[in-house]
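No lab work stands behind these numbers, since they all come straight from the coordinates. Since the structure is predicted, the reported quantities are computational estimates derived from the model, not experimental observations. All Cβ positions, glycine included, derive from the backbone under ideal geometry; neighbour counts span all protein chains shown.
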Amino acid sequence: MPARTLFDKVWAAHEVVAETPDTPAVLYVDLHLAHEVTTPQAFSMLRSLGLRVRRPDRTLATMDHSTPTHTEQVFGSVPIKVDAAARQVRQLEQNAAEFGIELFGMRDARRGIVHIISPELGCTQPGMTIVCGDSHTSTHGAFGALAFGIGTTQVGHVFATQALLQRKPKSFAVNIEGQLSAGVSAKDLILSIIGKIGVSGGTGHVLEYRGSTIRSLSMEERMTVCNMSIEAGARAGMIGPDEVTFEYLNGKPRAPQGQAWDAAVAHWRTLATDSEARFDASVDIDAAAIEPMITYGTNPGMVLPIGSAIPDKKGDAVFDKAMRYMGFHGGEGMLGKPVNVVFIGSCTNGRLEDLQAAAQILKGRKVAPGVHLLIVPGSQQIKQQAEAAGLGEIFKAAGADWRESGCSMCLGMNGDTVAPGQYSISTSNRNFEGRQGKGARTLLVSPMTAAASAVTGRIADPRELL
Amino acid sequence: MQPIKRITAKTVVIASSDIDTDQIIPARFLTTTTREGLGKQLFADWRYHSDGSPQADFVLNRPEARGAEILVTGRNFGCGSSREHAPWALLDYGFRAVVSTEIADIFRGNSLMNGLLPIVVDEQTSQWLLQHPGALLEIDLESRRLTLPNGASTAFPIEPFARHCLLNGLDEFGYLRSKLNDIERFEAARG
């Protein structure tokens, strides 16, 4: 057999019907994650055709995008303020009951952002195919799964058949060598990769992150990297499973147990890319040269090391439009610019290690006057763990607004928004115009940079505060 | 689905590159539970002031855009989220095709499944189209060619199975369901 990549192996193992020049492959789906925003129309389609969800045992639902994060709205008697959001949440409850799907509902202790809870439950496993009506499904690639976002029509297809029609993408190796410096995180790594290959550099490809840097990252850091693959245009990003992966999964409630665990690990060890395998494209990244990164424009590729000045590309239409929207000018430095809102959370940076990194800086310090620091855990389990570790106390003592889990301010559809014209230093994944609210100006950073900026009240280099 | 063989229509140009799905339809409108009526929220933050009144200088609000069914844009259209609300909104507004030098993967797939043609053209054709808003184009799905008003024509790529479905008014779902026996065999073989 010719040498194969991790992606080739996972793809081949799920090809129900191989692709031909005239027809795409029928690809089997091991795990389908569902949430309230991109499923209502798919359930309606099933209902209108008299179909059921074919494999409810391979389907998991939760609510995260349009759910509020105020404790009194999640657990108290205060209703969801946005009527349409309340309707969407109710509809998922009804649909899950009608179609027999397991749902982690509003008050479930296991609820959270879909891409955070599936790994923490051990549902996400190496070698799987995983889909969800959400582009950040790429997160699960950190385990050596082939995981990608699909539209609502395909959500319906997977509900009804547990398979998808799909053309095989090309492969793209992202080789990363060297050690990240202190104060530089996985978020800075992925932002610098996107800066290098561009927001459409990965279009049509599945990325595989490789090299010594990746091997040294924890699972949570790997998830941060894979999460933003879509921001480089790639539908999926993958990392070969190794001891770090197995260690993370061992003992998780839905991971294989006992003899099944040993058999699973033996299989997972065969998934790594063969040493002679060829990729369709590649890029080399020097991790040691990476500094804390920050975006200055309106897409994640408009990014630079935090101590640098904005490049002067006056006359470039995209650049000029972005500068007008952001209220910035070419040639200006980023450090010291004013901050109104700081958001720490999202499927990119809402895990326990992210909160620990922020707490390291926030401990014993206060949020600067006039700055709103919103910290939103990625799941209810993470909230519990953070409280148990004393992080909740550190956040509250610093003057942060410490909430219940959800997508929150990553996308302004749940009541958590940034006001027009305000600057938001955010650990989320998209700095698109209006993403955090109409007119909101988003700057993407790591949790450490976010925390440093919150206490300084200005864009700050976290290395100064470590 | 209605078969689509040929589209002859006027263009409207939004020249920006990297137009993401949050621009096509902002996230705050995704609380809908149906797919109808999203055209009024298309490009909402560019089309309307905060009070809901139209931004007079935005191209879709100008008289020359009336009746345009082909959207011509800069590079990398439809990047960002997987929301199918983006093609739903474009179709509901009245667009039948989007033309760019590059169209993001998920958006392209979602468009094909809803009968919105994602047409990728070369840089030279794109430049001509960007500089000639309102041009009357013919997009022939049968021959996979886009023809400019001066008669010049250029081939465009399109996934063969999606093209077959569009030409014949078929739903891809029908084909997928015809493979259910294979899916069952696949599951049985895996144990």
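Tabulated data for the structure shown
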quantity: The range B:6-190 - Rg (one decimal) and Dmax (whole number), Cα, Å; calculated: 17.8, 62
quantity: At 1.306 mPa s and 10 °C, Stokes diffusion of the range A:91-229 via Kirkwood alpha-carbon radius, µm² per second; calculated: 96
quantity: Cα-centre dipole for chain A with unit charges at Cβ (Lys and Arg positive, Asp and Glu negative), debye to 20; calculated: 840
quantity: Spatial separation of Cα centroids for the range A:250-266 and the range B:79-113, in angstrom; calculated: 41
quantity: Which of A:SER44, A:SER218, A:PRO305, positive extreme of dipole for the protein assembly as shown (C-beta unit charges); calculated: A:SER44
quantity: DSSP bridge orientation in the range B:6-190 - percent antiparallel, rounded to nearest 5; calculated: 50
quantity: Calculated log₁₀ intensity ratio I(q)/I(0) where the Debye formula runs over C-alpha points of the range A:6-166, q = 0.12, 0.15, 0.18, 0.21 Å⁻¹; calculated: -0.52, -0.79, -1.09, -1.39
quantity: Least to most buried among B:PHE186, B:PHE58 (fewest other Cβ within 10 Å first); calculated: B:PHE58, B:PHE186
quantity: Estimated dipole of the range A:6-166 in Debye, rounded to 20 [Cβ of Lys and Arg +1, of Asp and Glu -1, Cα centre]; calculated: 340
quantity: Calculated P(r) tail over 13 Å for the range A:1-62, as whole % of Cα pairs; calculated: 74
quantity: Fraction in percent of alpha-carbon pairs per bin - 5 Å, the range A:182-317; calculated: 2, 9, 17, 19, 18, 13, 10, 7, 3, 2, 1, 0, 0
quantity: Whole-number D in µm²/s for the range B:85-157 (Stokes-Einstein; Kirkwood sum over Cα pairs; 37 °C, 0.692 mPa s); calculated: 257
quantity: Most positive-pole-ward Cα, A:VAL131, A:LEU146, A:GLN166, against dipole of the range A:6-166 from beta carbon charges; calculated: A:VAL131
quantity: Reference-scaled alpha-carbon Rg (2.2 N^0.38 Å with N residues) for the range A:165-234; calculated: 1.11
quantity: Percentage, to the nearest whole number, of Cα pairs in the range A:291-338 over 14 Å apart; calculated: 45
quantity: Calculated SAXS-style log₁₀ I(q)/I(0) at q = 0.10 Å⁻¹ - the range A:294-464, Debye, Cα scatterers; calculated: -0.34
quantity: Karplus-derived 3J(HN,Hα), 6.51/-1.76/1.60, for each residue of the range B:105-116, Hz, glycine and proline x; calculated: 4, 5, 4, 4, x, 4, 5, 4, 6, 10, x, 9
quantity: Summed side-chain charge close to A:THR69 - residues other than A:THR69 whose Cβ falls under 11 Å, Lys, Arg +1, Asp, Glu -1; calculated: -3
quantity: At R0 = 51 Å, FRET efficiency that the Cβ-Cβ distance of B:SER153 and A:THR71 yields, to 0.05; calculated: 0.25
quantity: With eigenvalues of the C-alpha gyration tensor scaled by 5 and rooted, the protein assembly as shown, Å; calculated: 35, 31, 25
quantity: Exposure proxy order (Cβ contacts within 10 Å, fewest to most) of A:HIS329, B:HIS164; calculated: A:HIS329, B:HIS164
quantity: Label-zone membership for the range B:56-77, site B:TRP128, 7 angstrom Cα→C-beta point, backbone N under 16 Å; calculated: B:72-73
quantity: Kirkwood Rh, Cα atoms: Rg over Rh of the range A:239-323; calculated: 1.22
quantity: Cβ-based exposure ranking for A:LEU207, A:LEU373, in which fewest neighbours within 10 Å come first; calculated: A:LEU373, A:LEU207
